[in-house]
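A quick write-up on the structure given underneath.
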Amino acid sequence: TGQVALDIGFVNTASCTSEITYIDGDQGILRYRGYPIDQLAGKASFLEVSYLLIYGELPTADELAAFDQRIRRHTLLHEDLKGFFNGFPRDAHPMPVLSSAVSALSTFYQDSLDPFNQQQVELSTVRLLAKLPTIAAYAYKKSVGQPFLYPDNSLGLVENFLRMTFGFPAEPYEADPELVKALDMLFVLHADHEQNCSTSTVRLVGSSQANLFASVSAGINALFGPLHGGANQSVLEMLEGIKADGGDIDRFVARVKAKEPGVKLMGFGHRVYKNYDPRAALVKATADTVLDKLGGNNELLDLARQLEEIALSDDYFVERKLYPNVDFYTGLIYRAMGFPTRMFTVLFAIGRLPGWIAQWREMIEDPATKIGRPRQVYTGPAERSFVEIAQR
Ligand code: CMC
C-alpha cells in the first residue's frame, strides 16, 4: 500500500522471532533458553552458559569438557595480528581497538567468509570465544605499555584472561579464586539480552550475509556508546564527578531532573525493564561481597547506594519507572578488581559475545530471515527544479 508505520527507536516493532532469551520487563524476568537468570548465575559457568545460548541446551560434563578443550586450543592470536596493537596511539580507548582486531579476523581467516558453511561458522564461533579475551588483554597491555603475555592454555577462560591482563612474563600469576568466580558470574549476567542495540546491530549486519567476525565487530561498536555498554564507564565517571563536587547528591539529582543537557542518572532506566533489572539485583549483592573482600573504594559504593536510595524515592524517577540497570554497580566491582575505567565496556563485550554469536547463528539459520532494511518517513523538500550555480 506504500503505507509505513513510524517507530523511532523500535519501541513497538519486533524485528525477528527468537528462541534464545525471554524478558518480561514489567515483572523483571530474564531467562536464557528458559532458565531463569538467578538459577544460572553462580551455578553455571560462563562457558556452560555460552554453550547453552549457542547450542540451545545445557552441556553434559563431557560436552562441556570438549567445548572447553576446543576453545583452549584457539586462544593464540596470529603473530601478525599482534602487530596491529602497535599501530594504535598508546592512549587509544580499548573498545575501538577491540572492534578493529575482531574485524581483522576476517583477513586472517578468509575461510570464514561464507556464512552458510556450517563447519566454518563453528570454527569462527570457537575462534571468537577463544580470542576475544586475548585481544582484550592485549588492548589493555598496550595502553599501559606492558609486554603481551601468551595465553596459558592450562588455565580456564577467565583465569587466562586475568593472567594475560594483570600478569607479567616469567612471573607466576595466581588469580584470586573469588575474583575469578565473581568475574565469571558477571559475564554470565551479560551473556545475552535479546534484541538490544548491539545484538540488533549484529543481526542487521549479518542479514546482508556478512560473516560472523564482521557482524560481531559492528556489535562491539554499538556497545561502545554511553547509552548502551558504555554506561558502566559513565556511571563511575558520574560517581567521581559527584565526589569531586563535595558528595552533593541532591545537587546532582536536581541537575538530572532539570534535564541539563548531557546530565542523566547513568546506570538507571531501561527500554524494557520497568521494574528492577534482575541482573542489577545480583550485581548489587556481588558488589557488597567483592568490595568487602578486595577492599575496593567503599566511598564510591556508599555514594552509589545513597544515590540509588534517593532516586528510588523521588517522584521524577518513580513516575518514569526508572530503576538501576545492570551497569549501575558493575563499574565499582571492576574497579575493585583492578581494571581501569576504560576497560569496563570491554568486559561487557566479553560477556555479551556468546549472545551475539547465538543470535547471529539463529538469524543465519532461519529461512524467514530477509535483509534488514527499515523504511522511513520522508520529511524533506517536495520536488523542485535545479538552478545553475551562476543563478543561485
Ligand atoms: N536519567 C534521567 N532521566 C532518564 C533516564 C536517566 N537515566 N533514563 C530515562 N530518563 C527519562 C527520559 O528523559 C524520559 O523522560 P520524559 O518522559 O520526561 O521525556 C523518560 O525517562 C523515558 O526515557 P526514554 O529516554 O524515552 O527511555 P528509552 O527507553 O528511550 O531509553 C535508556 C532507555 C537506557 C537509553 C535510558 O534510560 C538511559 O539513557 N539511561 C542511562 C544510560 C544507561 O544506563 N544505559 C544502560 C542501559 S542497560 C545496559 C545496556 O543496555 O547496556
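Assorted remarks:
- Residues whose amide H falls under 5 Å from that of CYS16, counting only those 5 or more places apart or on a different chain, are absent, with hydrogens built in the peptide plane.
- FRET efficiency for the LYS370 to GLU57 pair, using the beta carbon distance and R₀ = 30 Å, is estimated at 0.60.
- Dipole in debye (nearest 20) - region 231-337, about Cα centre, beta carbon charges: Lys, Arg +1; Asp, Glu -1: 440 debye
- Net charge, GLN233 excluded, C-beta distance under 12 Å - Lys, Arg +1, Asp, Glu -1: -1
- When the Cα gyration tensor is reduced to axis lengths a ≥ b ≥ c, the ratio a/c is 1.5 or higher for region 299-342, and with a/b above b/c it is classed as prolate.
- 12 Å cut-off, amide nitrogen to a point 7 angstrom out along TYR35 Cα→Cβ, residues in region 169-184: none
- Longest to shortest principal axis, alpha-carbon extents of region 266-361, angstrom: 42, 35, 21
- Using R0 = 22 Å, the C-beta based FRET efficiency linking LEU312 and VAL144 works out to 0.05.
- Whole-number D in µm²/s for region 1-132 (Stokes-Einstein; Kirkwood sum over Cα pairs; 4 °C, 1.567 mPa s): 71 µm²/s
- Cα gyration tensor, the chain - rounded (a/c under 1.5), prolate or oblate: rounded
- Anisotropy class of region 177-310 from Cα gyration tensor, a/c 1.5 cut: oblate
- Reachable lysines, given that their alpha-carbon falls under 19 Å from the alpha-carbon of LYS293 and they are not under 8 places away in the same chain: LYS181, LYS284
- Scanning residues 5 or more positions from ILE29 or on other chains, those with amide H under 5 Å from its amide H are ASP24, with H placed 1.01 Å from N in the peptide plane.
- Between ARG251 and ALA170, the contour length at 0.36 nm per residue exceeds the Cα-Cα span by 24.1 nm.
- For region 27-101: span of alpha carbons on each principal axis (Å, largest first): 44, 35, 19
- Overall shape of region 108-186 was characterised from the C-alpha gyration tensor. The equivalent ellipsoid obtained from it has semi-axes of 27, 16, 10 Å, in decreasing order.
- The charge dipole of the chain, taken about its Cα centre with unit charges on the Cβ of Lys, Arg, Asp and Glu (plus for the first two, minus for the last two), comes to roughly 960 debye.
- Highest-MSF residue in the chain out of ASN325, ASN232, ASN275 [GNM, Cα springs under 10 Å]: ASN275
- Peptide packing for 150-162, 79-91, 133-145 was compared via the average number of neighbouring C-beta atoms within 10 Å per residue; ordered from the highest value, the list is 133-145, 150-162, 79-91.
FYI, it's all coordinate maths here, none of it is from the lab. If you're wondering where the values come from, they're calculated on a predicted model, not measured in any experiment. Positions of Cβ are generated from backbone atoms using ideal geometry, with glycine treated the same way; all protein chains shown enter the neighbour counts.
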